[in-house]
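The values are calculated or read from the model by the stated rules, or taken from the named source; none is laboratory data. It should be emphasised that the depicted structure is a prediction, and the values quoted were computed from it without experimental measurement. Note that each Cβ is placed from the backbone with ideal geometry, even for glycine, and that neighbours are counted across all protein chains shown. Side chains are part of the model used for accessible areas, which takes the heavy atoms of the whole protein and leaves out ligands, DNA and RNA. Shrake-Rupley method; radii C 1.70, N 1.55, O 1.52, S 1.80 Å.
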Amino acid sequence: MHRTKITRGSAAGYLAWVRRAAAHPRVAAALAEVAVSESYARKMCEWSDKLPPDCRDAADAILVAAAAAGTQLTDLAELAAEIYTRSLG
């Protein structure tokens with residue numbers, strides 16, 4: 001923080017995104033391409049983190065495509081819930 005002259009909160013936010021980007025490369029790519037907003041990307045990561053590890057990448061792909069197509073956050077939440085339900089079966 002002292003070398004970069006950023007606050008503790010900014011440093012924590014940056015580190016959180018580094019971890020998210022490593023775990024969710026499709027979401028990170030969509031964010032970098034400005035296909036989704038930071039707040040949508042954060043929520044999509046939160047939702048897919050609840051899934052079994054082998055389902056996350058596919059879920060991220062579905063959620064990113066829907067968000068990039070203009071799907072509202074409430075509808076994305078319903079889609080994420082459906083993905084979660086199917087992952088259990």
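Test A16 against the stated conditions and say whether it is open to solvent by 80 Å² or more (accessible area, probe 1.4 Å), part of a helix (DSSP H, G or I) and not polar (S, T, N, Q).
Details: open to solvent by 80 Å² or more (accessible area, probe 1.4 Å): no; part of a helix (DSSP H, G or I): yes; not polar (S, T, N, Q): yes.
Answer is no for this residue.
Of everything in segment 19-47, what is part of a helix (DSSP H, G or I) and aliphatic (A, V, I, L, M)? Give them in sequence order. Don't jump to the end; show me each part of the working.
Step one: of segment 19-47, the residues part of a helix (DSSP H, G or I) are 19-23, 25-32, 38-47.
Correct list: A21, A22, A23, V27, A28, A29, A30, L31, A32, A41, M44.
Need the failing condition index for T4 against (1) among the β-branched types (V, I, T); (2) within 14 Å of the chain's Cα centre (by Cα); (3) outside any helix (DSSP H, G or I); (4) over 23 Å from A81 (Cα atoms), just the number.
(2)
List pairs: first residue in segment 7-19 and within 16 Å of S39 (Cβ to Cβ) and at pLDDT 90 or above, second residue among the charged types (D, E, K, R) and assigned to a helix (DSSP H, G or I) anywhere in the structure, Cβ distance under 9 angstrom, at least six positions apart or on different chains.
Correct list of pairs: A16/R42; W17/E38; W17/R42.
Okay, residues lined up against (1) in contact (Cβ under 8 Å) with a residue 24 or more places away in the chain; (2) more than 20 Å from A16 (Cβ to Cβ); (3) in contact with a Leu (Cβ under 7 Å, 6 or more places away or on another chain):
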position	(1), (2), (3)
E38	no, no, yes
M44	yes, no, yes
L51	yes, no, no
L63	yes, no, yes
A69	no, yes, no
E78	no, yes, no
E82	no, yes, no
L88	no, yes, no
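Is there a residue being out of contact with any helix residue (DSSP H, G or I) (no Cβ under 8 Å at 6 or more places or on another chain) and surrounded by 13 or more Cβ atoms within 10 Å (Cβ to Cβ) anywhere in segment 64-83?
Within segment 64-83 (the criterion being out of contact with any helix residue (DSSP H, G or I) (no Cβ under 8 Å at 6 or more places or on another chain) and surrounded by 13 or more Cβ atoms within 10 Å (Cβ to Cβ)), the answer is yes, since at least one residue qualifies.
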